[in-house]
Every structure is written in structure tokens, then in C-alpha cells.
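Novice: Sharing a structure, written as C-alpha cells. Questions coming.
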Amino acid sequence: MNSKTIIPTLALAALVGCSSANVQSSPAPERANAIPTDATALPAGTTFEVEMDETVGTENSKVGDEFRAHVDDAVVATDGSTVIPEGARVTGIVTGLAEAEDDNPAVIRLDFTTLGFDGRTYSLDASIVDVDVGIWDSVRGAGKEAGIGAAAGAALGAIIGGDLLDILVGGALGAGAGTAIALGLDDDAALPKGANLTIRTNERLALR
């Protein structure tokens with residue numbers, strides 16, 4: 001797998017509620033990743049990469065749509081056994097979608113729901129912790145210090161949440177599970193096919 005630049009989570013860099021507040025990118029808090037000891041289960045906190053099999057965005061998606069992805073690299077346990085093979089199927093649901101408005105970016109919320117391989121399908125509870133959109137981040141603009149909307153709009157693929165999410169989209173996403181991702185300011189804002197997402201399991205998943 002080629003080395004890639006990871007777009008980190010956006011952080012609020014000034015007082016909430018100030019429309020001219022600056023936003024800067026900062027990495028998510030460091031947390032030790034869990035590593036499976038054998039092929040029987042994924043412990044909570046296991047991270048692995050998936051690649052989007054289709055584009056999701058404001059032009060071609062709606063809340064409730066299913067999306068598909070596949071595991072980019074096999075997950076290997078400490079005993080050497082393969083826990084999740086490369087190419088395993090992952091599916092999820094679009095649980096929120098807000099179009100770009102003024103200087104605020106479009107936002108999509110994705111919730112992973114299933115993991116499948118070897119003829120079996122498992123319920124998956126996982127959060128997105130990193131997004132890599134490859135060349136799309138440079139094609140659609142590199143992030144520079146600016147107002148909240150401009151900075152977030154430039155950071156296609158940035159994970160947003162908390163107060164910053166409320167400022168950018170208010171209640172437009174509605175309630176729902178999943179991780180919110182900025183899509184930029186374009187009318188056809190999208191997370192492209194081929195984007196790589198790093199996901200982390202939220203609970204233990206028994207596999208065999």
C-alpha cells in the first residue's frame with residue numbers, strides 16, 4: 001500500500017460562536033491500538049483500513065443509502081493468524097447529509113454496520129478515525145488558516161464533531177450514529193471512490 005498523507009480531525013481553535021474564529025488541523029489524541037491475540041475475535045479498539053468501493057456525496061447519496069467498502073490490508077493477530085483477510089467486505093449506512101451553504105462545507109455522516117468474509121457476515125460497530133482522500137485534497141484546495149467555514153471546506157475528508165460540527169451544520173444532519181466527515185464546498189461535494197478510511201472497533205467482535 002502506498003504511503004499517503006492523512007487528513008487529521010479538525011479542532012476548534014478559538015471561542016465557539018465567533019464566526020471569524022480560526023480553525024486548525026490537529027491530530028486526534030494518541031491512543032494505543034488493540035491487537036487481536038488470535039483469529040477468534042477483534043477486541044474493542046482494533047484499527048484497520050478500508051477502501052471505499054463507491055463515491056458518496058451530495059449529488060449521488062441520500063440518508064439511508066447503503067455504501068460498500070473493502071478491507072485494504074489483512075488484520076493479523078499476535079499469534080500470526082489472519083483475523084480479517086484482505087478484501088473482506090464492509091458495508092455501512094449514510095446517516096446524515098448536509099449540503100454546503102455559504103462558507104460552510106458539505107458534511108456526510110457514515111456508520112459502518114457489517115463485516116463479511118469466508119461466507120459469514122458480522123455486525124460491526126466502528127468509528128472512523130482517519131480519512132485519506134489521496135490527490136483529491138490537493139485538487140480541491142489545500143487548507144490554509146482562514147475562517148471556520150473556509151478552513152473546514154478546504155479540508156476535504158476532515159473528521160469533525162462536537163462544537164465545531166454544531167457551528168458548521170447546526171441541526172442539518174439530524175440525530176444518528178456514525179462519524180461526520182467534511183466534503184468541501186463544491187456543489188457536487190463527495191467522498192470519492194478509492195478513499196481510504198481508518199476505522200476503529202467500538203466493541204469486541206467475536207468472529208468464530
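The values are calculated or read from the model by the stated rules, or taken from the named source; none is laboratory data. Because the structure is predicted, anything quoted here is derived from the model rather than measured. FYI the Cβ positions are ideal-geometry reconstructions off the backbone, even for glycines, and counts take in every protein chain you see.
Novice: Restricting attention to the range 55-76, which residues are crowded, with 16+ Cβ neighbours inside 10 Å and either among the acidic types (Asp, Glu) or over 21 Å from Glu86 (Cα atoms) (or both)?
Specialist: Val56, Gly57, Thr58, Ser61, Asp72
Novice: Condition check: crowded, with 20+ Cβ neighbours inside 10 Å and not hydrophobic (A, V, I, L, M, F, W, C). Does Pro43 satisfy that? Please lay out each step first, then the result.
Specialist: Details: crowded, with 20+ Cβ neighbours inside 10 Å: no; not hydrophobic (A, V, I, L, M, F, W, C): yes.
For Pro43, the condition - crowded, with 20+ Cβ neighbours inside 10 Å and not hydrophobic (A, V, I, L, M, F, W, C) - is not met.
Novice: Any residue at all in the range 101-117 that's of a type outside the set (S, T, N, Q) and modelled with pLDDT under 70?
Specialist: Here is the first cut: in the range 101-117, the residues of a type outside the set (S, T, N, Q) are 101-103, 105-112, 115-117.
So of that shortlist, the ones also modelled with pLDDT under 70 come out as none.
No.
Novice: Continuing with the same structure: Is it the case, given these coordinates, that Thr37 is closer than 20 Å to Arg200 by Cα and part of a strand (DSSP E or B)?
Specialist: When the stated conditions are applied, Thr37 does not pass them.
Novice: Also: List the residue pairs whose Cβ atoms are under 6 Å apart, where the first residue sits in the range 62-76 and is more than 19 Å from Asn196 (Cβ to Cβ), the second is of a type outside the set (Val, Ile, Thr) and surrounded by 15 or more Cβ atoms within 10 Å (Cβ to Cβ), and the two are 6 or more positions apart or on different chains.
Specialist: Note: pairs meeting the criteria are Val63/Leu97.
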